[in-house]
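These notes concern the structure reproduced below.
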Amino acid sequence: MPTTARPRRSVLYMPGSNPRALEKGRTLGADALILDLEDAVAPDAKEVARAQVCEAVGAGGYGHREIFIRINGLNTPWGHDDIVAAATSGADAVLLPKIESADMVRQAAAILQAAGAPDSLAIWCMMETPRGMLHAEEIADSTPRMGGFVMGTSDLAKDLYCAHTRDRLPMITSLGLCMLAARAAGIAILDGVYLDLDDSEGFEYACRQGVELGFDGKTLIHPKQLDAANTAFAPSEAEVAWSRKIIAAHAEAEKAGKGVLLVEGKLIENLHVESARRLVAMAEAIAKVA
């Protein structure tokens, strides 16, 4: 499932055991919602949460928002029933936790197929363990259903015994390995969460860093983070204007049979035009859901 110009600037976790949250998700300015059956749900509420999430997704009303269902691991008492229920729920994607190998993904894909999942139902993977980082390439290429990676930086920091610093230097290698694997496979990749809800300046910095690293968007833990993420991961007006200028100038140069193009003194090559087209396509997709 190659990436398309689908906005994923803001991807908000919603606890599957909270009916009010599931309802509120229909009105929030998020590009996507992760309806969570795993970390956000206590063991004695797992089955109720599964039923509530599938009922909410089936009822619809989420509009343009991409809907993920994060299941429990297949090695837990709830994982198999979660993925079977998600298969025909109407969700856009199933998010698998703590993926460490291609075999884990293929096992999930086989269950989805047997449960009657449509071909359009994507598999996304939480990348949150050291072994997962080391196997990122094989995971990205494991199934035609693969839609993308979600970085689980909190669990990763715990397993690495590293500090969760402002610049995230202890995790840069892990982030880079997953970024390389995702882009090589043509799939999407989302940055991890920012936990300090009172540190708006720190969150904005984390979003800027995520953009610079190449992430498609950021996973969020609270609606108050939506606006900053949507702003940070959207092309600016200046970027869109420059991209349109490059595209137009390139078209004129092609008509004139020119191989070298200068725009405002800057040498423009085909790679710049390709990037410009991708940026404009994303800006247009965002405008449709704004």
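Name the pairs: first residue in the stretch 110-139 and in the same structural domain as I172 (by TED's automatic domain parsing), second residue at pLDDT below 95, Cβ to Cβ under 6 Å, at least 6 apart or on different chains?
Partner pairs satisfying both residue conditions: A122/M1.
In the stretch 68-119, how many residues are surrounded by fewer than 24 Cβ atoms within 10 Å (Cβ to Cβ), out of contact with any Asp or Glu (no Cβ under 8 Å at 6 or more places or on another chain) and assigned to a loop (DSSP other than H, G, I, E, B)?
Qualifying residue count for the region: 13.
To keep it simple, each residue is scored yes or no on (1) assigned by TED's automatic domain parsing to the domain that holds A181; (2) outside any helix (DSSP H, G or I); (3) under 23 Å from the mean Cα position of the chain (by Cα).
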| site | (1), (2), (3) |
| --- | --- |
| E212 | yes, no, yes |
| A241 | no, no, no |
| K245 | no, no, no |
| E254 | no, no, no |
| A276 | no, no, yes |
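When the residues of the stretch 214-239 are narrowed to those that are aliphatic (A, V, I, L, M) and assigned to a loop (DSSP other than H, G, I, E, B), which ends up farthest from A5 (Cα to Cα)? Don't jump to the end; show me each part of the working.
The first filter runs over the stretch 214-239 and keeps only residues aliphatic (A, V, I, L, M), leaving 220-221, 226, 228-229, 232, 234, 238.
The next check asks that each one be assigned to a loop (DSSP other than H, G, I, E, B); those that pass are 221, 234.
Details: I221: 24, A234: 12 Å.
The residue in question is I221.
From the set of residues in the stretch 141-198 that are exposed (fewer than 14 other Cβ atoms within 10 Å of the Cβ) and of a type in the set (D, E, K, R), which is nearest to L33 (Cα to Cα)?
Of everything passing the filter in the stretch 141-198, D196 is nearest to L33 (Cα to Cα).
Please work out if E47 is acidic (D, E) and assigned to a loop (DSSP other than H, G, I, E, B).
Working: acidic (D, E): yes; assigned to a loop (DSSP other than H, G, I, E, B): no.
The answer is no for E47.
Given the conditions (1) without any contact (Cβ under 8 Å) to a residue 40 or more places away in the chain; (2) under 19 Å from K24 (Cβ atoms); (3) among the small types (G, A, S), report the number of the one that A91 does not fulfil.
Just one mismatch for A91, condition (1).
If you check every pair at least six apart or on different chains, which have Cβ atoms under 6 Å apart with a residue in the stretch 208-230 that is basic (K, R) first and a residue that is outside any loop (DSSP other than H, G, I, E, B) and surrounded by fewer than 18 Cβ atoms within 10 Å (Cβ to Cβ) second?
Matching pairs, first to second residue: none at all.
Restricting to the stretch 185-201, and then to whatever is assigned to a helix (DSSP H, G or I) and of a type in the set (G, A, S), can you tell me which residue is farthest from F215 (Cα to Cα)? Walk me through how you get there before you give the answer.
Taking the stretch 185-201 as the starting set, the residues that turn out to be assigned to a helix (DSSP H, G or I) are 185, 200-201.
Then drop every residue that is not of a type in the set (G, A, S), which leaves 185, 200.
Values: A185: 14, S200: 20 Å.
Among them, the one singled out is S200.
The values are calculated or read from the model by the stated rules, or taken from the named source; none is laboratory data. Bear in mind that the values here come from a model prediction, so they are computed numbers and not experimental data. Every residue, glycine as well, gets a Cβ built from its backbone with ideal geometry; the counts of neighbours run over all protein chains shown.
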